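Worksheet: one structure, shown below.
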Amino acid sequence: MHGPASLGWLLVALCAVTGAYCLLRMRSAVEEQRRAAGGEALMGFGMAVMAVPAAVAVPPSWAWTACAAVFGAAALRALWAARTDAHHLHHLAETSAMVYMAVTMGASGGHHAHGGGVPALTAVFLLYFAGYALLSGVRLVPVAAVSPGGSVRTVGWGDRPELARACRLSMAIAMLAMLMTL
């Protein structure tokens, strides 16, 4: 990423912590949480790697091809899963944006591209993630876990819906920051 290295490292830290929390969510007793958490962990760690400041490390050109392949496979998986769960359409948008950024960065000779993307496509992704970030922020109202009997129960870290929403919000904001550098 372009810009001050300290901001790049903050973005790396945010994405890595988000990915780590998503790994914790994979231990949830709720199957739906586990299923979504794996893809979100991949996104968090992938975004952390891509956000490393350009002044620190410039990956070899094959790394961008590898990123595009990994996130391309994740996009196909999200497309397949979207047949039964609409939430996977967001995963499809995320993984598609990651493929787009990897291809753009790879096309610029392995350097973080500034002005190297397709402006219309970049604008579409920026609008989508800005809208998603706003919607995620509105949804951050804490949710109490209610058991079938109507009593409120204590939930583990992996089952806290408001924390999962906060992770999705932080990844949407990070995606905005990364897309703005294209």
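Please treat every number below as a calculation from the coordinates, not as lab data. Since the model is a prediction, treat every value here as computed from it, not as a measurement.
Could you give each residue of segment 166-182 its phi-based ³J(HN,Hα) in whole Hz, using Karplus coefficients 6.51, -1.76, 1.60 with θ = phi - 60°, and x for Gly or Pro?
Couplings: 5, 5, 5, 5, 5, 5, 5, 5, 5, 5, 4, 4, 6, 5, 5, 7, 6 Hz.
What ³J(HN,Hα) values, in whole Hz, does the Karplus curve 6.51 cos²θ - 1.76 cosθ + 1.60 give for segment 85-102 when θ = phi - 60°, with x put for Gly and Pro?
9, 5, 4, 5, 5, 5, 4, 5, 5, 4, 5, 5, 5, 5, 4, 4, 5, 5
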